[in-house]
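Participant: This is the structure, below, for whatever I ask next.
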Amino acid sequence: MFAWIEATPVALWVSLSLWAYPVLLSIHIIGLGIVVGIFLIRDLRLLGMYQGLHPAAFLPLSKFAWVGFIINAISGVLLFTSQATVFAENIAFLLKISMIILGMVLAGVIQSRMRAEIASGEGAVISRSTKIVALISLLTWAGAIIAGRLVAYI
Ligand code: HEM
């Protein structure tokens, strides 16, 4: 199946065109800047930093983070097609995708916890368990970026 993907016209365009791969990778970096940037600051706020920022500010911002994720899903799949047989067996790539899936699942968990804790009227008080989830989320996204960068080296 991956060899078939690599032989498709779009995959050949990505791999043979002078500009497609670098432009897609640039778009990919912009996407990760949006999604990881928002989730990183959210998690640091939930862990107690930037007390001037009310956690409620991240409820609408998380929607923009999903825009970043969709940009990365589209640009990532296009990048993937060009060397599908290689990436599908690359441990760093598989690790990265696993951590991205975990990061997005945790984003949903944190979003519903934040909504509930803000609605409880306790102001900006964040529970200990939500802080633990935020710490795991922060480490997961850091790991996704490191694994993503290592794809080219492993
Ligand atoms: C929010 C989600 C994502 C993040 C944070 C992310 C992160 C990264 C990072 C840090 C790189 C390395 C960039 C570089 O070498 O300059 C990268 C490259 C790449 N990503 Fe993603 N990515 C995401 C989603 C995806 C998805 C969904 C796919 C495909 C299914 C994907 C496929 C790729 C591919 C094929 C490369 C190029 C590897 C290379 O040429 O070295 N990414 N990504």
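The values are calculated or read from the model by the stated rules, or taken from the named source; none is laboratory data. Everything numeric in this text was worked out from a predicted model, so none of it was measured. Positions of Cβ are generated from backbone atoms using ideal geometry, with glycine treated the same way; all protein chains shown enter the neighbour counts. Keep in mind that these areas ignore ligands, DNA and RNA; they rest on the heavy atoms of the full protein, side chains included. Shrake-Rupley method; radii C 1.70, N 1.55, O 1.52, S 1.80 Å.
Participant: With respect to residue 102, is the statement that it is within 13 Å of the ligand (Cβ to nearest atom), touching a Ser or Thr at 6+ places or on another chain (Cβ under 6 Å) and farther than 30 Å from residue 15 by Cβ true?
Facilitator: It is false that residue 102 is within 13 Å of the ligand (Cβ to nearest atom), touching a Ser or Thr at 6+ places or on another chain (Cβ under 6 Å) and farther than 30 Å from residue 15 by Cβ.
Participant: So which residues in the stretch 80-99 are assigned to a helix (DSSP H, G or I) and more than 8 Å from the ligand (Cβ to nearest atom)? Working first, answer last.
Facilitator: Residues of the stretch 80-99 assigned to a helix (DSSP H, G or I): 80-82, 84-87, 91-99.
81, 84, 85, 86, 91, 92, 94, 95, 98, 99 - these are the residues of the stretch 80-99 that are assigned to a helix (DSSP H, G or I) and more than 8 Å from the ligand (Cβ to nearest atom).
Participant: From the residues in the stretch 34-71 that are small (Gly, Ala, Ser) and under 19 Å from residue 136 (Cα atoms), which one is farthest from the chain's Cα centre (by Cα)?
Facilitator: 48
Participant: Okay, moving on. Pull out all pairs, ordered by first then second residue, where Cβ-Cβ is under 8 Å, the residues are six or more apart or on different chains, the first lies in the stretch 139-154 and is in contact (Cβ under 8 Å) with a residue 60 or more places away in the chain and in a loop (DSSP other than H, G, I, E, B), and the second is open to solvent by 80 Å² or more (accessible area, probe 1.4 Å) and more than 10 Å from the ligand (Cβ to nearest atom).
Facilitator: From residues that are in contact (Cβ under 8 Å) with a residue 60 or more places away in the chain and in a loop (DSSP other than H, G, I, E, B), the pairs are 154/91.
Participant: Separate question: For residue 125, indicate whether it is in a helix (DSSP H, G or I) and either modelled with pLDDT of 95 or more or not polar (S, T, N, Q) (or both).
Facilitator: It is false that residue 125 is in a helix (DSSP H, G or I) and either modelled with pLDDT of 95 or more or not polar (S, T, N, Q) (or both).
Participant: Going through the stretch 76-120 one residue at a time, which ones are among the polar types (S, T, N, Q), more than 20 Å from residue 153 (Cα to Cα) and open to solvent by less than 60 Å² (accessible area, probe 1.4 Å)?
Facilitator: Of everything in the stretch 76-120, just one residue is among the polar types (S, T, N, Q), more than 20 Å from residue 153 (Cα to Cα) and open to solvent by less than 60 Å² (accessible area, probe 1.4 Å), namely 111.
Participant: So, of the residues in the stretch 31-79 that are over 22 Å from residue 10 (Cβ atoms) and of a type in the set (Ser, Thr, Tyr), which turns out to be farthest from the ligand (Cβ to nearest atom)?
Facilitator: Here the residue is 50.
Participant: Do we have any residue at all in the stretch 133-145 that's over 18 Å from residue 39 (Cβ atoms), over 14 Å from the mean Cα position of the chain (by Cα) and surrounded by 13 or more Cβ atoms within 10 Å (Cβ to Cβ)?
Facilitator: No.
Participant: Here is a further query. List pairs: first in the stretch 1-25 and among the polar types (S, T, N, Q), second surrounded by 13 or more Cβ atoms within 10 Å (Cβ to Cβ), Cβ under 6 Å, 6+ apart or cross-chain?
Facilitator: 15/82
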